[in-house]
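Okay, so here's the structure we're looking at.
The values are calculated or read from the model by the stated rules, or taken from the named source; none is laboratory data. Values in this document were obtained by computation on a predicted structure and should not be read as measured data. Cβ coordinates were reconstructed from backbone atoms using ideal geometry, including for glycine residues, and neighbour counts include every protein chain displayed. Please note that ligands, DNA and RNA were not included when accessible areas were found on the heavy atoms of the full protein model with its side chains. Shrake-Rupley method; radii C 1.70, N 1.55, O 1.52, S 1.80 Å.
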Amino acid sequence: MKHLFRVFVLVVFALILGCKVSEISQKQKNTKHSIFIEAESSQSSLNKWQIVKKGDINYVKGSSKETYLEFMGNKPITGKPNSPLEYEFIAPKTGNFKLMLMTSKRLEGVKSDWCNDAFVRLSGDYESASKLNTEDLQKDIKILQDGNDEVPELEWHWASTAEKDRHVYNEFIYKLKEGKTYTLTLSGRSKRFSVDYIVLYDTDTFETNEAKKQFKIKK
């Protein structure tokens, strides 16, 4: 009887520990090889960005923490940088880090390549590790969903494509320095474009396809 009781206690303890580990792994997504930022964690004024939660009429299911930001300024097709949101982070190591946003678009009947982009820029001590110049990356550059008009609406997809010049596509890859502080600025461009979370990952550790699978939260 005592033996069975000990086994029961051990099983319960293991289940509790398993829940704790799962909970920690969900919260602690930052590692030496990646940086994870919730879009709604910015301390900046939201202005034209709106918080969308589970239960809201336009909620897109499957978001991290069941909360995300949707941009409601400008027009669905285009617009100048609007309502900048700042995110500060510290580089966990020296290396080349690629930027990706988990995003969704809500068309409401407009063309499929609308409502699918924003602007980003990075401030701090770094160099470009892509075909874009460092000076380019320090200014607002359009970031759009990978696949552009082929991407279905009201679903979550990665956006990592940089478009500085019309129909000339590049990547956002930064050579960061360990321990240095950086500020990523995300600004609205097209109306009804949503951002759930932001990821920067070490390109020497993850291939692009692997990273897209690794960092996509599955519900």
(request) Over the chain, calculate the relative contact order: mean separation of alpha carbon pairs under 8 Å at least 6 apart, over the residue count, as a percent. (result) 31 percent
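Calculate for the chain the 222 nm mean residue ellipticity that helices alone would give, adding -39,500 (n - 2.57) per DSSP H run of length 4 or more and normalising by residue count, nearest 500 deg cm²/dmol.
Numbers: 3 runs with 37 residues, N = 219.
Taken over the chain, the calculation gives -5500 deg cm²/dmol.
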(message) Quick check: the distance between the Cα centres of the stretch 169-183 and the stretch 75-122, to the nearest angstrom?
(response) 16 Å
(message) Along the Cα→Cβ direction, 7 angstrom out, place labels at residue 86 and residue 125. What is the inter-label distance in nm?
(response) 1.9 nm
(message) Looking at the stretch 82-198, I'd like the Rg to Rh ratio, where Rg is from alpha-carbon atoms and Rh is Kirkwood's inverse mean 1/r.
(response) 0.98
(request) Any of 131/180; 180/212; 61/177; 48/175; 139/218; 139/212 with alpha carbons more than 27 Å apart? Name them for me. (result) 61/177; 48/175; 139/218
(request) Calculate, axis by axis, the spread of Cα positions in the chain along the three principal axes, and write the results as whole Å, longest axis first. (result) 74, 43, 32
(request) Whenever you get a sec, compute what percent of the accessible area on the chain sits on carbon and sulfur atoms (1.4 Å probe). (result) 52 percent
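Averaged per residue, what accessible surface does the chain expose to a 1.4 Å probe, in Å²?
The answer is 56 Å² per residue.
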(request) With everything on Cα atoms, drop me the angle between helix 2-27 and the longest principal axis of the chain, reported from 0 to 90° to the nearest 10. (result) 10 degrees
(message) Can you compute the modelled spin-label distance between residue 213 and residue 67, with each label point 7 Å from Cα toward Cβ, in nm?
(response) 3.2 nm
